[in-house]
Amino acid sequence: MNCFPCCNKNTQEKATSRKSLRKSLKDYHDKYHDKKILASFANISFKTDSSRHRYITEEINKIGKGNITATIFSYRELCVATSNFNPENMLGEGGFGRVYSGKIEGTNQVVAVKQLDRNGFQGNREFLVEVLMLSLLSHPHLVNLVGYCADGDQRILVYEHMVNGSLEDHLLDLAPGRTALDWNTRMKIARGAAKGLEFLHEAANPPVIYRDFKASNILLDKDFNAKLSDFGLAKLGPTGDKTHVSTRVMGTYGYCAPEYALTGQLTAKSDVYSFGVVLLEMITGKRVIDNSRPTEEQNLVTWATPLFRDRRKFTLMADPLLQGNYPLKALYQALAVAAMCLQEEASTRPLMSDVVTALEFLATNNTEEEGGGGGGEDDNINPEEQ
C-alpha cells in the first residue's frame, strides 16, 4: 500500500486478513440483505411534514419488506420510559432535538430516546432514512436502533444506550475534573469509527455515504468502542459508471469536503475528508472551528496544513493534555493518515479500507517508548512523503 509504508512489513498477513474480512462481510450480506431493498432508497417518495403515522409505516413496510426488526413504540410507552421526558433524564441536546435516557417497561432495557424537534430540520425524510438505514445495515461500529415512534406528529428514535456518550464529550467539551483520553484510547476510537465508514463504503450494496461524520456523532460504549450514530443525512453512493451523487450541501461547517461544499457532488471520498478532520481533532484536542482561538488557529485544517510540511513541528500538533505520553512514531503516522485524508483533491485521498489498515497498525503496535521529544531523523515520517 503506497499511502502508508509503515504497514508494508505485514503485507501478506494484512492481505489474508482483508480477504477474510471481505468474505465475512459478503457472506453476511448474502445471508441477510437484498441489494434491491437498500437500492429502493433511490426511488423513495416523501411527503411533507404533515404526513401521518400511517404513511410512515407504509413506507417502512414497503421498503423494508419485512426486514425491519426495530420495535414500534407508542408515545405513551416512551413517556413512561423517560418519566415524561423529564429534564433530569436528558443526555444531550442538538439541532435535531433532545436525547433522554430511559428504561423500557417490561424488558428493563436501558435506552437513549431521541425526540426530534417538530419545528426543526429533521423531518419525515431524515426520520425515515435513519430508521431504514439502521434497520437494514448492521455492524459492530454502527449504533443499534432499538425502535421508533411516529405517533401523530411525534418523531422519536430509540437507540441502545452508549454509557460514555459521544467522542465530543471526552475530547472537545471536556468537563472540569474529567480525565483526557489517552493516546491508545484515541487510536482505538479512530479505528472503530473508520471501520464503521469502511463498512458503509465498501460492504453495503449499494454503498452508503454517511455525510455527517463528526465527533458528536461518534458514540462510545463502556469500553470506549466507537459506533456511528445519526444517519438522517446518509445518502446512497454512486453505482455503475456514475462518479458522484449530486445533492444539496448538508452536514456541519468545517467537516465538509471542499469539492462537496463547492459543487454538491458527493462521493465516499467526501466522508474520508471528514474523517481526516475528526482524526486531526483527536490528535490535537482542538475543535475544527473555534472562534475563541487566535485568528491563525481558528480553522484547524488551515492551521495544520503548513505544519504537515515541517516534521520538526509535528510534536507541536499533539494535544497538550496528552502531556507527551504518546509513541513518537505513532504520532507521526497518525498525522500522516490525517494529512492523506485531508488532501484537496478527492482522488488522492485513500480508501477507508486503507485508513483502517493503517489505524490497525497504530492501535496494535504502540510498543515503543512513549514521550513527545524530538527523536532522530529516522523516527520522523512526513505525511507529504506518504
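Here are the numbers for the structure shown:
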| read-out | value |
| --- | --- |
| Residue within segment 254-267 that is farther than 18 Å from residue 189 by Cβ and part of a strand (DSSP E or B) present | yes |
| Enumeration of residues in segment 146-165 that are small (Gly, Ala, Ser) and modelled with pLDDT under 90 | 150, 152 |
| Residue that is surrounded by the fewest Cβ atoms within 10 Å (Cβ to Cβ), among those in segment 251-272 that are touching an Asp or Glu at 6+ places or on another chain (Cβ under 9 Å) and among the small types (Gly, Ala, Ser) | 251 |
| Residue count for segment 334-349, restricted to those that are in a helix (DSSP H, G or I) and either touching a Cys at 6+ places or on another chain (Cβ under 7 Å) or closer than 14 Å to residue 194 by Cβ (or both) | 5 |
| Residue in segment 293-310 that is more than 23 Å from the chain's Cα centre (by Cα), under 18 Å from residue 186 (Cβ atoms) and assigned to a helix (DSSP H, G or I) present | no |
| Contacts under 7 angstrom Cβ, first residue in segment 157-177 being closer than 29 Å to residue 73 by Cα, partner at pLDDT 90 or above and surrounded by fewer than 15 Cβ atoms within 10 Å (Cβ to Cβ), 6 or more apart | 161/110; 163/222; 164/222 |
| Segment 309-363 - residue that is in contact with a strand residue (DSSP E or B) (Cβ under 8 Å, 6 or more places away or on another chain) and surrounded by fewer than 18 Cβ atoms within 10 Å (Cβ to Cβ) and, of those, farthest from residue 181 (Cα to Cα) | 324 |
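Per-residue answers, yes or no, for (1) over 20 Å from residue 198 (Cβ atoms); (2) touching a residue at least 60 places away in the same chain (Cβ under 8 Å):
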residue: 277; (1), (2): no, yes
residue: 284; (1), (2): yes, no
residue: 300; (1), (2): yes, no
residue: 303; (1), (2): yes, no
residue: 308; (1), (2): yes, yes
residue: 321; (1), (2): yes, yes
residue: 332; (1), (2): yes, no
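The values are calculated or read from the model by the stated rules, or taken from the named source; none is laboratory data. This one's a predicted model, so the numbers in the text were calculated from it and none came from an experiment. Note that we place each Cβ from the backbone using ideal geometry, even for glycine, and neighbour counts take in every protein chain shown.
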